[in-house]
Amino acid sequence: MTDWDGAPAGRSLAPRLERLAPRLLRLPAVDVLGREVRVARGPRARLLGLAGLDREDAGAGLLIPRCASVHTFAMRFALDLVFLDRDGRPLTVRRGVPPRRFVLVRGAAAVLELPAGCARHGWGEDPDLVVWR
């Protein structure tokens with residue numbers, strides 16, 4: 001059995017991300033493959049994403065519904081971006097996207113922003129995997 005990042009259960013490859021920035025605490029949370037991820041619903045949360053935060057304050061990541069593109073301006077760390085279709089399945093995974101970039105995936109219905117190194121390998125290749133509904 002493996003954790004969400006492909007490591008053996010109980011031994012995650014991802015760094016421990018326990019702190020959460022105050023602005024993220026106000027956002028609703030959903031379960032994404034066993035991890036609590038905040039959801040950017042309002043315009044401010046969608047615009048800011050994880051920008052300006054230290055990696056330790058980003059938590060497990062941020063889900064941005066109704067989104068096909070993200071920017072990494074003002075980011076302090078690289079991101080793994082998981083673009084999801086309308087059924088919550090990964091369309092593509094962009095790993096290690098550095099600050100000051102713009103990424104667009106046509107047909108994406110949502111984006112999962114994760115600190116770099118947290119996206120499980122194989123997410124983009126498994127057509128049966130549902131990340132979020």
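Derivation of every value follows stated rules applied to the coordinates shown; laboratory data play no part. Please read these numbers as outputs of a predicted model, since none were measured by experiment.
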For PHE77, other-chain or 5+-apart residues with amide H closer than 5 Å (H placed, Pro excluded) are none
Is segment 54-122 best put as rounded, prolate or oblate by its Cα gyration tensor, with a ≥ b ≥ c the root eigenvalues, rounded for a/c under 1.5, and otherwise prolate when a/b is larger than b/c, oblate when not? prolate
Integer Hz, Karplus 6.51/-1.76/1.60 couplings in order for segment 26-33, x for Gly and Pro: 6, 8, x, 10, 10, 8, 10, 6
Report the gain in length on full extension from GLU36 to GLU56: 0.36 nm times residue separation, minus Cα-Cα distance, nm rounded to one decimal. 5.7 nm
